[in-house]
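The values are calculated or read from the model by the stated rules, or taken from the named source; none is laboratory data. Note that the structure is predicted; figures quoted are calculated from it, not measured. Using ideal geometry, Cβ is built from the backbone for each residue, glycine included, and neighbour counts are taken over all protein chains shown. The accessibility values were calculated without ligands, DNA or RNA, using every heavy atom of the protein model including side chains. Shrake-Rupley method; radii C 1.70, N 1.55, O 1.52, S 1.80 Å.
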Amino acid sequence: MTGRAPRLFASERGGAGLAAVWLLWALHAALYPFATLIVDSGRDLANGLAIASGAGLPDYGPALFGVWHLGPAWYALLALPLWLFGSVGATALFVGVLAALKIPLAYALGHRLGDRTLGLFCALFAALPGWQILGALVLSHTALVETLLYATFLCCVCAVQRRQPAFAALAALLLALALHAHPTALLGAPAVAWALWRGAPRQRAAWLGIAALAFVLPFVPMLLAEARSGWPQLGGTGRYLGDSDLLARAVRLPQVLWGSGWNASVFVRDFLLQRVPGTGWAWQVGSAIGWLGALAGVAVALRDRDLRPAAALLAWIGGVLFVCVLRDTTPAWMTYAVAPLQTLAWALGWHALLRPPRRRARLVHALAVPVCMVALLLLADRVAVWRSGLQAVPGASVADVAEAPTREPPSRFWLSAVGHDAVARRLCAEPASVALHGDLAAAFDFGQGVAARLHCSDGLLPRLGGVAGAQHLAGVPSAVATALHIDGEPLAGFVLRAPARVLFPPEGRIAVADTVYRATAMAALAKQGERSESLRADCAPGEMLVVTNRLPELNPVHIRARDAAGERDPVLTQLASRYYACDGAPIELLLRALDAPSLDVFVLPLNADAAR
């Protein structure tokens, strides 16, 4: 921009534009304490806690694609807030603060590429939810992909504009860290190569060496372990590439492009913005307008011989193609790395479309209002899910964005990061160890004992399931408890109630911090085959027989219930639990599972009015 900026565009000295950027940063960071944990989250937190407790760095980080293990940088990052704050919720907020930096970084990148108006366009579009919002709903290493890529691209631009190769070396280090968040971040490599070539006109070889050392640094623990063991990952890489049909994957590009755009907006509409009538459809219309305006802006820029919007659009398409060829399917978390490219395409397109600069500045400031409202609605939705203990899931589309999102039952139980702390503090306030049952036990188990280790002494670590134990508490999602007329103590989106009887297994598992990846442990059990258990459950009218699988996404289970009249169907089926109404007749259960001791069978009393 030249000349005097419009009064509305007050961000020349801070003002409204930057205030919106930092407000969006705060709202995005606030989502993370309400994020839930999955098996990957528990493994990561347990390894971080081990480092914080003085165990030292492990050789490897999380498994990626089931083939590669990179360095332990993510574990080391989690160790810092776990050591400082001793809280799962505070750790999630720490991750959220870093992940939300993508918004001010997008602003800085746009400002460097154009002007402050372009920076504000980038920040607002980076704050809009798509598939990448899943990174704020589930605590995982993929949450930092966007932040690290924005930082990488910003350093690359600074290196070229300022002719300072130190920025290019920093970009190489940030790219290496981004790869630890997810290998799809490799699509940032061309930008780093460009920065090294253009940003170091003199002593280019020396700076290439410095950048290479910076890039290798986060991989050192992994590389040393590989050297000691004969480089096993090289063999795994060869087998992976040999088994890959790259052409068949590449022809999926149109479906994945559609899934990255339209299906992502449908997911946000139907699963995150459905609580306020009309909001979801307004979002869908706004998304369509966003794409149409960006494409029109590309055409206008080409007419004016400005190639930047078209280059950003082609880079986004190329990034999606790169993601396509990595796997036979394209899970939602693999699209996080292309989100910055889509943001740049939108921002450059709209920036080229709107003329003159004064009108452009007014529109981008007006756009900040609905974007902030969307961020507030997302936060309100997370609070509502936290209170209900349930979240509907979009079917198979999370595992492959080319699939249309569908509201498929059953809903998933939802225990937030702050909820893990609350449950641990509640259970460990008892004078003796408590055995926890039901959906709450399954949800708490995803934390792999980290919250219990942080808040409980050794003698009061809770048990998960099992007949043994002096005191038993079952946790039912609040929405389920309301539907089934179960009263009790509210806790972190669940209702606690003492079971009438616990039937299986004889011994539960103590919630100790365990760094072993549950998927790896279940793969070993799979070699032994399934186990069967037969049970007879005597329960009276006014009671509910509950069968819970504490490892619902890893432990396939087959349940058959019969009484004297024949097969019994559950009155309610959730991801982890099935609820059977009792009428006084004995119920015979046949259970078959890989890990039968991870099943949990108990009888839960209903309210007096429900019994009548």
Scanning region 554-574 residue by residue, those open to solvent by 60 Å² or more (accessible area, probe 1.4 Å) and touching a Pro at 6+ places or on another chain (Cβ under 7 Å) turn out to be THR573
Check your understanding: Could we say that SER532 is farther than 18 Å from GLU553 by Cα, touching a Gly at 6+ places or on another chain (Cβ under 9 Å), of a type in the set (Ser, Thr, Tyr) and in contact (Cβ under 8 Å) with a residue 40 or more places away in the chain here?
Key -> no
Output for Cβ contacts, cut-off 9 Å, separation at least six or different chains, first residue on the phi > 0 side of the Ramachandran plot in region 579-598, second among the charged types (D, E, K, R), reads GLY584/ASP538
Being assigned to a helix (DSSP H, G or I) and either surrounded by 19 or more Cβ atoms within 10 Å (Cβ to Cβ) or among the acidic types (Asp, Glu) (or both) narrows ALA211, ALA206 down to just ALA211
Can you say whether LEU376 is among the aliphatic types (A, V, I, L, M) and open to solvent by less than 60 Å² (accessible area, probe 1.4 Å), as far as the supplied structure shows?
no
Exactly one of LEU120, LEU134, LEU98, LEU109 is out of contact with any Cys (no Cβ under 9 Å at 6 or more places or on another chain), in contact (Cβ under 8 Å) with a residue 12 or more places away in the chain, crowded, with 24+ Cβ neighbours inside 10 Å and at negative phi, and that one is LEU120
Could you tell me whether ALA296 is over 28 Å from the mean Cα position of the chain (by Cα) and either in the same structural domain as GLY349 (by the TED database) or farther than 20 Å from SER397 by Cβ (or both)?
yes
Screening ALA519, ALA524 for residues that are touching a Leu at 6+ places or on another chain (Cβ under 9 Å) and part of a helix (DSSP H, G or I) leaves only ALA519
Inside region 526-553, the number of residues satisfying the requirement of being open to solvent by less than 50 Å² (accessible area, probe 1.4 Å) and over 23 Å from LEU436 (Cα atoms) is 1
Expected output for region 410-432 (first residue in a loop (DSSP other than H, G, I, E, B), partner buried (at least 16 other Cβ atoms within 10 Å of the Cβ) and of a type in the set (D, E, K, R), Cβ below 9 Å, 6+ apart or cross-chain) is LEU415/ASP439
Only unsatisfied item for ASP328, checking (1) in a helix (DSSP H, G or I); (2) under 25 Å from the mean Cα position of the chain (by Cα), is (1)
Going through region 387-410 in order, the residues found to be open to solvent by less than 40 Å² (accessible area, probe 1.4 Å) and in contact with a strand residue (DSSP E or B) (Cβ under 6 Å, 6 or more places away or on another chain) are GLY389, LEU390, GLN391
Of the residues in region 483-507 that are assigned to a strand (DSSP E or B) and within 11 Å of GLY465 (Cβ to Cβ), the one that is most open to solvent (accessible area, probe 1.4 Å) is LEU503
All conditions in (1) part of a helix (DSSP H, G or I); (2) surrounded by 22 or more Cβ atoms within 10 Å (Cβ to Cβ) are true of LEU80 except (2)
Flagged pairs (Cβ under 6 angstrom, 6 or more apart or on separate chains; first in region 435-456, in a helix (DSSP H, G or I); second open to solvent by less than 10 Å² (accessible area, probe 1.4 Å) and among the basic types (Lys, Arg)) are ALA441/ARG550; ALA442/ARG550; ASP445/ARG550
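Per-residue answers, yes or no, for (1) closer than 26 Å to LEU78 by Cα; (2) open to solvent by less than 10 Å² (accessible area, probe 1.4 Å); (3) not in a helix (DSSP H, G or I):
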{"position": "HIS365", "(1), (2), (3)": "no, no, no"}
{"position": "ALA380", "(1), (2), (3)": "no, no, no"}
{"position": "VAL385", "(1), (2), (3)": "yes, yes, no"}
{"position": "GLY466", "(1), (2), (3)": "no, yes, yes"}
Residues in region 553-612 that are charged (D, E, K, R) and in a strand (DSSP E or B) total 8
Residues of region 179-197 being assigned to a helix (DSSP H, G or I) and either touching a residue at least 60 places away in the same chain (Cβ under 8 Å) or touching a Lys or Arg at 6+ places or on another chain (Cβ under 8 Å) (or both), in sequence order, are LEU179, HIS180, ALA181, PRO183, THR184, ALA185, LEU186, LEU187, GLY188, LEU196, TRP197
Residues in region 49-60: is at least one open to solvent by less than 10 Å² (accessible area, probe 1.4 Å) and not assigned by the TED database to the domain that holds PRO356? no
Has region 427-434 got any residue that is closer than 23 Å to VAL480 by Cβ, in the same structural domain as VAL268 (by the TED database) and open to solvent by less than 50 Å² (accessible area, probe 1.4 Å)? no
Of the conditions (1) part of a helix (DSSP H, G or I); (2) open to solvent by less than 20 Å² (accessible area, probe 1.4 Å); (3) touching a Gly at 6+ places or on another chain (Cβ under 6 Å), the single one that ALA337 does not satisfy is (3)
The correct count of residues that are in a helix (DSSP H, G or I), among the β-branched types (Val, Ile, Thr) and touching a residue at least 40 places away in the same chain (Cβ under 8 Å) in region 257-303 is 5
Does VAL516 fit the bill of being touching a helix residue (DSSP H, G or I) at 6+ places or on another chain (Cβ under 9 Å) and assigned by the TED database to the domain that holds PRO462? yes
I'd like to know if region 263-271 contains one or more residues that are assigned by the TED database to the domain that holds THR343 and either small (Gly, Ala, Ser) or within 25 Å of ALA191 (Cα to Cα) (or both). yes
Checked region 125-142 for anything part of a helix (DSSP H, G or I), at pLDDT below 95 and not β-branched (Val, Ile, Thr); matches are TRP131, GLN132, LEU134, GLY135, ALA136, LEU137, HIS141
Being among the polar types (S, T, N, Q) and within 18 Å of the chain's Cα centre (by Cα) narrows SER140, SER87 down to just SER140
